[in-house]
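See structure below.
The values are calculated or read from the model by the stated rules, or taken from the named source; none is laboratory data. As the structure is a computational prediction, the values presented were derived from the model and not from experiment. Here the Cβ positions follow ideal geometry from the backbone for every residue, glycine too, while neighbour counts run over all protein chains shown. Side chains are part of the model used for accessible areas, which takes the heavy atoms of the whole protein and leaves out ligands, DNA and RNA. Shrake-Rupley method; radii C 1.70, N 1.55, O 1.52, S 1.80 Å.
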Amino acid sequence: MPTALLFGEPGRAYVYLSYGVHTMLNAVTEPVGVGAAVLIRALEPVDGVELMLARRGVKPLRGLCSGPGKLTQALAITLSDNNTSLVDGPVVFSGRPAAWLDPPIAVSRRIGITKAVELPWRFCVAGSPYLSAPE
């Protein structure tokens, strides 16, 4: 898996296959030369819900995007989205609604891994029902 993208320009999508099955979406976050990205693990479905439901073929809404593989399936994110801008698209991180200007943030240990599980690197909106596992 080429990881040079992690050391490139922040605001790029780093998309890869996990275990050859699930597409993962990461946002490159640090200045050029510093390798870092954030895995986008879940989202609260707001716009385009019917299309996301059709892509996943599941209900209820609560579990529609409650994990990184579910999220990319619902949003139709594929390997072709790798190294694209998260500002200009095709996948866009945009402004927040007023209700999200200062959400309560919970920090917990990482999940779904076997190494460095003690690190407090999982950040989420406290009490969100759209998470893959409780914080």
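If you plug the beta carbon distance of residue 83 and residue 62 into 1/(1 + (r/R0)^6) with R0 = 25 Å, you get a FRET efficiency near 0.20. Computed over the stretch 1-89, relative contact order equals 32 percent, with contacts defined as Cα pairs under 8 Å that lie 6+ residues apart.
GNM remark for the chain: springs join alpha carbons under 10 Å apart, and the peak mean-square fluctuation among 76, 116, 42 falls on 116.
With a cut-off of 13 Å between beta carbons, the residues surrounding residue 68 carry a summed charge of +4, where Lys and Arg count +1 and Asp and Glu -1. Taking the protein heavy atoms of the stretch 21-113 in the context of the full set of protein chains, the accessible area attributed to carbon and sulfur is 57 percent at 1.4 Å. For the stretch 28-119, the solvent-accessible area of protein heavy atoms averages 64 Å² per residue (probe radius 1.4 Å; ligands and nucleic acids excluded).
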